[in-house]
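One structure below.
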Amino acid sequence: MDILNGLTNENAIRRYRKWLAGAALLLAVLGLSGCHTIGFYGQAVKGQYQIIAHQRSIAKLLTEANTKPQLKQRFELLDDFRTFASNDLKLPAGSHYRNYLDVHRPFVVWNVEAAPEFSMEPKTWWYPFLGSLEYRGYFSKSEATNYATYLRAKGFDVSVGGVAAYSTLGWFKDPVLNTFIFEEDADLAEIIFHELAHQRLFTRGDTDFNEAFATTVGQEGARRWLKARGNTAGLSAYLAHLQRSDQFVHLVMSTRAKLEGLYGDQLTEDGKIKATAKNKAATSDELRQRKQRVFNEMTAEFRQLKANWGGDAEYDGWFAHPINNAHLNSVAAYYDFVPAFEQLLAANGGDMEKFYKAAEQLSKKPKAVRHEQMRSLVQTRQPPSTRVQNSQPRVGG
């Protein structure tokens, strides 16, 4: 099974969540044991097979009278995205997104993420060919929620989120799905460019690096596409969205930092959060109370942010879910290194090919060295408002 890349239910987060699916998994299943492991891989093979078996050629759908006009318009727009991705962003569009499938559900898969009750260290799962990743995905919502229940019973904080788009990292030709085809133009552009970025570069066992890379490419690509098409109003609206996103992510990250201090978490050599023995200065009940106060403070700060945004409800869906350690981590994995990649793109003069080569060089280094260099780039990050203004539309990323 290979990686499926995804987005969640809420407008603001849905572009940035992932899952996996893929090739040669049946062989891997035969070599594994354990009820949850075999069940997971079995449903994954079945789910991915159904996607492969039932997708239809977009070229044929465009010629059929019973294809709805709205769908045909989106297919034509997707063709424009593919051309722009290949010519302007130097992404391997190839035969991807030439087929379509309606999966008859709002999401293609559901992600499960977990973390201990008193630590921000994400639980990881090991996958053939991919290494350790911080999520596990299911084609069935009920199977995802059942597994989430199992993890909660073991004492984990758990988050379950719907995934609408994916990348199989070249194992298969990725199709267009009903789960994301009707997104706003800028959002759909970002989705396509994000997923194709995974085709360009994927680093085994490094979720934070991979997701931040694809997020950077997706956002930069959407900005450039809007400018190239002369969509001034769309560009202005998209940049406003990115500024709200930056402020939301800052709120998530600052909340995580507070909790890391509360729990006594430490950093590993490669900069990852590591749980330590439970804070002995407080009982479990006291830690739960303090943890809840941090969440309450976060919610209050969000209300103020929302007021500053004129009541924009973009992130209401995210806050509608139970806020816990895993829910916070579901955002962090996609944004930790985005400022670093933005700096890397700027350092290469906005040249996408040079940027990809620089990122590839980083990907070949040991994980600890790679993360240390990424953190050094983050230290040069500009303030959010400055970055957004410079990207209008910046050449340097």
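The values are calculated or read from the model by the stated rules, or taken from the named source; none is laboratory data. Just so we're clear, the structure is a prediction, and the values are computed from it rather than from any experiment. Glycine also receives a Cβ, built like all others from the backbone with ideal geometry; neighbour counts cover every protein chain displayed.
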Among the candidates Ala85, Ala21, Ala114, residue that is buried (at least 22 other Cβ atoms within 10 Å of the Cβ) and either at pLDDT below 85 or not assigned by TED's automatic domain parsing to the domain that holds Glu195 (or both)
Ala21
Kindly check whether there is at least one residue in segment 165-175 that is buried (at least 22 other Cβ atoms within 10 Å of the Cβ), among the hydroxyl-bearing types (Ser, Thr, Tyr), assigned by TED's automatic domain parsing to the domain that holds Gly205 and modelled with pLDDT of 95 or more.
no
Six or more apart or on different chains, Cβ under 6 Å: which pairs go from a residue in segment 117-143 that's aliphatic (A, V, I, L, M) to one that's crowded, with 16+ Cβ neighbours inside 10 Å and part of a strand (DSSP E or B)? Could you list them?
Met120/Ile273
From the list Gly234, Gly205, Gly230, Gly261, pick out the single residue that is more than 16 Å from the chain's Cα centre (by Cα) and on the phi > 0 side of the Ramachandran plot.
Gly230
Total residues in segment 316-359, condition buried (at least 20 other Cβ atoms within 10 Å of the Cβ), over 21 Å from Arg303 (Cα atoms) and not hydrophobic (A, V, I, L, M, F, W, C):
7
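Quick check on Arg223: is it modelled with pLDDT of 95 or more, among the basic types (Lys, Arg) and within 22 Å of Glu314 (Cβ to Cβ)?
On the way: modelled with pLDDT of 95 or more: yes; among the basic types (Lys, Arg): yes; within 22 Å of Glu314 (Cβ to Cβ): yes.
Answer is yes for this residue.
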Those residues of segment 106-139 which are among the aliphatic types (A, V, I, L, M) and over 17 Å from the mean Cα position of the chain (by Cα), in sequence order:
Ala115, Met120
Being surrounded by 14 or more Cβ atoms within 10 Å (Cβ to Cβ), more than 22 Å from the chain's Cα centre (by Cα) and in contact (Cβ under 8 Å) with a residue 24 or more places away in the chain is the filter here, so list the residues in segment 60-79 that pass it.
Leu61, Leu71, Arg74, Phe75, Leu77
Given (1) part of a strand (DSSP E or B); (2) over 19 Å from the mean Cα position of the chain (by Cα); (3) of a type in the set (Val, Ile, Thr), number of the condition Val160 does not satisfy
(2)
Can you pull out the residues in segment 334-358 that are modelled with pLDDT under 95, of a type in the set (A, V, I, L, M, F, W, C) and touching a Phe, Trp or Tyr at 6+ places or on another chain (Cβ under 8 Å)?
Phe337
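Kindly provide the set of residues from segment 271-305 that are closer than 25 Å to Leu133 by Cα and either at pLDDT 95 or above or loosely packed, with under 15 Cβ neighbours inside 10 Å (or both), ordered by number.
Initially, segment 271-305 is screened for residues closer than 25 Å to Leu133 by Cα, giving 271-278.
Correct list: Lys274, Thr276, Ala277.
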Filter segment 332-365 for residues that are in contact (Cβ under 8 Å) with a residue 60 or more places away in the chain and assigned to a loop (DSSP other than H, G, I, E, B); which is farthest from Val217 (Cα to Cα)?
Asp336
What's the number of the condition Phe180 fails, among (1) closer than 30 Å to Leu61 by Cα; (2) touching a strand residue (DSSP E or B) at 6+ places or on another chain (Cβ under 6 Å); (3) part of a loop (DSSP other than H, G, I, E, B)?
(2)
Across segment 291-319, the tally of residues that are in a helix (DSSP H, G or I) and either at positive phi or under 19 Å from the mean Cα position of the chain (by Cα) (or both) stands at 4
So which pairs qualify, if the first residue must be in segment 190-209 and outside any helix (DSSP H, G or I), the second must be among the basic types (Lys, Arg), the Cβ gap must be under 7 Å, and the two must be at least 6 apart or on different chains?
Asp206/Lys367
